[in-house]
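Q: Submitted below is the structure of interest, expressed as structure tokens.
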Amino acid sequence: MQPSIPGFLRGKKELLWKDQHVCYNEVEKGGLANLNDLYMWMHQWFQKEQLTHWAEGSRYEDFYLHRIRGDGVQENLIWWRALRKINPYIYYFIKMDWQVFGAKETEVLYNDKKVKAHKLGIVIRMWWWVQIDPFNKWETSFLNRIAEWLYRYLLNTEMEDHRDKCREIARRLDNELKAFFEMTTSMPMPRSWFPEEGYKWVKQKPEPERFTNLPRKPDWQI
């Protein structure tokens with residue numbers, strides 16, 4: 001059998017047990033957001049979680065469509081595919097599809113200054129799997145005949161633990177993404193390193209006491 005490429009699901013019925021679906025999450029948002037900051041935030045989140053593209057490049061896209069209509073309205077369709085390698089025989093796999101519609105650049109007044117944003121609608125759909133034997137190496141070894149039996153009877157407990165860990169990563173992404181969009185989350189989330197909705201940079205309040213209360217040496221000691 002030809003080795004598979006990690007990051008692609010195997011469609012053969014007899015191999016479905018190797019691509020175990022864990023969960024599906026969907027985030028839908030309408031209103032204001034900065035698409036550029038959202039893209040950078042998502043890219044850095046994937047890197048923080050040690051997720052890589054199957055081709056091991058710096059990007060995650062398998063498909064990127066960017067279209068601007070005559071009236072300036074923007075549409076995007078983006079497919080991201082990423083992996084987290086646990087060991088040579090177990091990977092976590094995420095399939096993420098972005099759909100941006102009706103997006104138009106605008107300026108909004110925030111903290112007494114104009115900042116750039118997009119008025120848009122966006123849907124981000126996320127599917128998660130645990131992949132077993134991603135390169136199909138078992139197909140060319142003596143384990144081929146007992147691989148599924150080995151999984152069902154000896155590895156099932158371990159795989160349940162991997163499904164839970166993969167589900168936890170998925171839940172974290174779902175909550176942090178909703179926190180970015182200022183939506184309700186299933187648990188309290190700390191503030192992201194990016195501003196909410198990508199454009200809400202908070203000005204630092206001046207602290208004059210930091211300067212006025214500094215101890216000063218006499219001039220003759222300087």
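Laboratory data are not the source of any read-out in this text; all were calculated from the coordinates shown. No experiment lies behind these values; they were computed from the predicted model shown. We place every Cβ from the backbone using ideal geometry, glycine too, and count neighbours over all the protein chains shown.
Q: Under 17 Å Cα to Cα from residue 200, which lysines show up? Leave out anything in the same chain fewer than 8 places away.
A: Cα-Cα hits under 17 Å: 29, 113, 114, 116, 119, 178.
Q: Something else about it: Which cross-chain or sequence-distant (5 or more) residues have an amide H under 5 Å from the amide H of residue 103, H modelled 1.01 Å from N in plane?
A: When sequence neighbours closer than 5 places are left aside, the close amide H contacts are 74, 121.
Q: What net charge do the residues around residue 125 carry, taking every other residue with its C-beta under 12 Å from that of residue 125, with Lys and Arg at +1 and Asp and Glu at -1? Can you show the working numbers first?
A: Values: positive: 95; negative: 26, 28, 97, 174.
Neighbour charge sum, excluding residue 125 itself: -3.
Q: OK, next. Can you give me the long-range amide H partners of residue 90? Hydrogens built in the peptide plane at 1.01 Å from N, cutoff under 5 Å, separation of 5 or more residues or another chain.
A: Sorted by chain and number, the residues that satisfy this are 133.
Q: Treating only the Cβ atoms of Lys and Arg (+1) and Asp and Glu (-1) as charged, compute the dipole magnitude of the range 14-113 about its Cα centre; round to the nearest 20 debye.
A: 240 debye
Q: Quick one: net charge of residue 176's neighbours, Cβ under 11 Å, K/R +1, D/E -1?
A: Taking every Cβ under 11 Å from that of residue 176, the sum is +3.
Q: Okay, next question. Taking the alpha-carbon distance from residue 18 and a cut-off under 20 Å, which lysines remain once sequence neighbours fewer than 8 residues away in the same chain are dropped?
A: Of all the lysines, those that pass the test against residue 18 - Cα under 20 Å, at least 8 places apart if same chain - are 85, 95, 137, 165.
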